[in-house]
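Presented below is the structure to which this report refers.
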Amino acid sequence: MRAFVAVAEHLHFRDAASAIGMSQPALSGAVSALEEALGVQLLERTTRKVLLSSAGERLAVRARSVLEAVGDLMEEAEAARAPFTGVLRLGVIPTVAPYLLPTVLRLVHGRYPDLDLQVHEEQTASLLDGLGQGRLDLLLLALPLGAPGITEIPLFDEDFVLVVPRGHHLGGREDIPREELRSLDLLLLDEGHCMRDQALDICREVGRAEGGTGATSAAGLNTLVQLVAGGLGVTLLPRTAIPVETGRSGDLTTGSFRAPAPSRRIGLAMRAGAARAEEFQAFAAALRGALKPLPVRFAS
């Protein structure tokens with residue numbers, strides 16, 4: 001199958017053999033054996049070039065998928081033999097990555113030096129697709145997801161904080177009623193960010209159906225706070241983001257909501273029944289310990 005896929009990609013026996021480290025006669029024999037086993041002609045061989053038959057074009061796509069699945073199987077087997085080794089493809093949402101990744105990276109480098117951590121920052125929908133397709137192994141994002149076939153591992157809850165321009169009447173307050181959100185020019189992230197949906201849910205809870213101004217939004221939290229500093233409105237930030245995002249500008253201040261403050265839950269997500277489930281649970285426990293200095297409440 002590897003020989004056939006190589007020929008399908010290169011359409012040249014010599015180049016295909018070189019690409020996968022086989023001799024040309026061995027590669028040709030392997031493809032012929034696959035054709036015999038399947039009972040279909042995969043290639044059209046001429047004196048000048050190699051072409052895929054119609055069946056070959058269709059089966060090449062399936063063969064690539066099978067080889068990828070076999071590769072995943074071998075990775076899972078390797079991980080089962082030696083936990084915290086090999087590749088761990090971690091997906092992280094943009095409203096978490098800048099604030100938690102430093103802790104995650106220190107944990108991995110210090111405790112799991114043989115783990116090859118690969119980080120992918122994407123929005124929630126893309127991360128879930130990557131997890132389902134096998135492109136990603138573990139996600140760090142906002143919960144709950146409510147997605148079938150996904151096991152969630154809660155890590156902590158964190159409050160939202162109101163970010164306002166310096167001099168705003170709500171700046172510095174520690175007991176802001178949620179109802180204040182009804183009349184504020186609330187700036188939001190663009191469509192697709194789960195934090196936008198969380199902010200809109202908070203607004204709906206206090207009777208503000210429209211959720212925001214609708215005229216201005218931002219692709220990331222850094223831009224969002226710059227809009228606030230420029231006097232275009234106010235916004236909500238998770239507490240873990242406050243030191244990084246508000247520390248860049250002297251034109252910003254914050255206010256805290258009256259208890260119970262609006263909050264979000266952050267956790268890990270993996271495929272249900274994942275072969276590395278025990279490893280990921282152990283990683284979650286270690287991560288909770290590493291995150292203790294942060295201003296969050298740990299989930300049980």
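Read the figures in this text as sums done on the coordinates, not as results from a lab. Please read all numbers here as calculations on a predicted model, not as lab measurements. Backbone-built Cβ (ideal geometry, glycine too); neighbour counts: all protein chains shown.
Worth pointing out:
- Percent of alpha-carbon pairs separated by more than 14 Å within segment 229-300: 72
- When only Cα pairs below 8 angstrom with a gap of at least 6 residues are kept, the chain shows a relative contact order of 21 percent.
- Computed FRET value (nearest 0.05) for Met74 with Arg297, which takes r as the C-beta separation and R₀ as 41 Å: 0.55
- Entry note, the chain: the mean residue ellipticity at 222 nm calculated from DSSP H runs of n ≥ 4, each adding -39500 (n - 2.57), is -13000 deg cm²/dmol after division by the residues and rounding to the nearest 500.
- Based on alpha-carbon atoms, the Kirkwood radius and the radius of gyration of the chain give Rg/Rh equal to 1.14.
- Centre-to-centre separation between the Cα atoms of segment 1-58 and those of segment 160-183: 67 Å.
- Note that segment 158-263 shows a convex hull volume over its alpha carbon atoms of 88 Å³ per residue.
- Scaled against 2.2 N^0.38 Å for its residue count N, the alpha carbon radius of gyration of segment 2-80 is 1.16.
- Contact order relative to length of segment 1-117, as percent, for alpha carbon pairs under 8 angstrom and 6 or more apart: 20
- Modelled label reach - Leu51, point 7 Å along Cα→Cβ, segment 1-37 residues with backbone N closer than 20 Å: 4-16, 32, 35
- Choice from Leu221, Leu162, Leu34 showing the highest fluctuation, given a GNM over the chain with Cα pairs closer than 10 Å: Leu34
- Cleavage-rule hits, trypsin sites (Lys or Arg not before Pro), segment 219-284, DSSP coil, Cβ neighbours within 10 Å at most 15: Arg248, Arg258
- Computed from label points 7 Å out along Cα-Cβ, the spacing between Ala125 and Arg204 is 1.7 nm.
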